[in-house]
Amino acid sequence: MKNFSNFKKADRIIYVYSGKGGVGKSTVSVNIAFTFLNLGYKVGLFDADLSTPSIPTLVKGVKFTDQYMHKNLVMPAKYKGLLYSSTGNLGETTDGSFLSGQYLKGALYQLFFGISWDVDILIIDMPPGTTDLHTNLFYNLEGDILFVTTPHSTSHEDLIRSAALIERFNLNVIGVIENMSYVNCTNCEKQIPLHNGQNLDFNYNNKSYKILSSLPFDAELSYLSSIGVPYMFDKNKVNNHTYLKYMFIASEILKGVK
Ligand code: ADP
């Protein structure tokens with residue numbers, strides 16, 4: 001596949017990754033993408049979860065131009081400058097999607113590798129697990145890893161498995177986002193920890209992985225996600241706690257831009 005991957009992708013590629021499902025990778029991917037768009041960057045978003053894509057659900061409140069075929073490639077959709085590709089745009093949820101082996105490689109090529117994205121920042125929303133798809137992407141495409149976890153040992157164990165996989169590749173880890181970590185009390189100033197409130201920084205193979213930021217469980221974000229509106233799409237939220245957290249994460253990511 002390396003032969004096909006020499007089209008211009010992005011100045012910066014960020015994998016949003018965790019071994020565990022349901023920890024908020026897609027939610028973080030969409031909201032980071034819109035944070036960078038708000039900051040004026042050209043942004044792409046690739047939904048690498050080819051069999052259970054979430055991104056079209058999370059952005060269905062906004063109208064995307066349909067993805068279309070060009071030669072053998074599925075060109076990304078465009079929305080307000082966001083280039084975006086997902087198998088979820090290509091069929092109904094009820095169609096299902098079962099890809100393996102060569103079909104998986106073909107789909108990756110059609111949806112991603114064969115296309116010149118040509119953006120400043122490309123966010124890749126990774127599926128959970130440590131599969132062939134992960135190996136294909138990590139081997140072919142250098143990028144930085146943004147881990148997402150909840151502060152719970154089950155998710156943390158899978159994070160360590162993910163760290164073991166990415167050790168095999170030339171990938172820089174930006175840090176760990178601890179998602180759905182606490183709730184902001186509406187009656188007092190306190191942050192109430194969810195789960196057990198432990199600090200889940202960790203070391204693997206002499207490397208230390210630090211929590212870059214902890215994000216709250218935000219009921220409004222959850223509601224907006226359920227109706228397909230990205231939280232960071234709404235500029236009225238500029239002073240909100242979650243909005244400021246995303247701005248902080250974006251600024252930390254940008255520190256590494258050459
Ligand atoms: P993953 O991509 O890791 O499988 P999702 O992004 O689909 O996880 O998130 C799983 C569920 O958690 C979704 O219902 C999503 O709306 C919700 N969620 C994720 N992050 C938050 C958050 N910070 N506050 C509230 N709900 C969240």
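Which value in deg cm²/dmol, rounded to the nearest 500, describes the helix-derived mean residue ellipticity at 222 nm for the chain, given -39,500 (n - 2.57) per DSSP H run of n ≥ 4 and division by the residue count?
-8000 deg cm²/dmol
Sorted from largest down, give the three principal axis spans of the alpha carbons of the range 195-247, whole angstrom values.
The Cα atoms of the range 195-247 stretch 42, 22, 18 Å along the principal axes, largest first.
Mind jotting down the three principal axis lengths of the chain based on Cα atoms? Whole angstrom, largest first.
Result for the chain: principal-axis Cα extents of 58, 43, 40 Å.
Among LYS80/LYS105; LYS210/LYS245; LYS235/LYS255, which pairs are too far apart, with a Cα-Cα distance over 25 Å?
Cα-Cα > 25 Å for LYS80/LYS105; rest within.
Give, rounded to the nearest 20 debye, the magnitude of the charge dipole that the range 18-254 has about its Cα centre when Lys and Arg contribute +1 at Cβ and Asp and Glu contribute -1 at Cβ.
280 debye
Can you give the angle from 0 to 90° between the axis of helix 25-38 and the longest principal axis of the chain, with both taken from C-alpha atoms, to the nearest 10?
Here the helix axis deviates by roughly 90 degrees.
Just order 111-124, 172-185 by mean Cβ neighbour count inside 10 Å, highest at the front, would you?
In descending order of packing, they fall as 111-124, 172-185.
Coordinate-derived values only; no laboratory data. Source: prediction; values computed, not measured. Here Cβ is always computed from backbone atoms with ideal geometry, including for glycine, and neighbour counts include all displayed protein chains.
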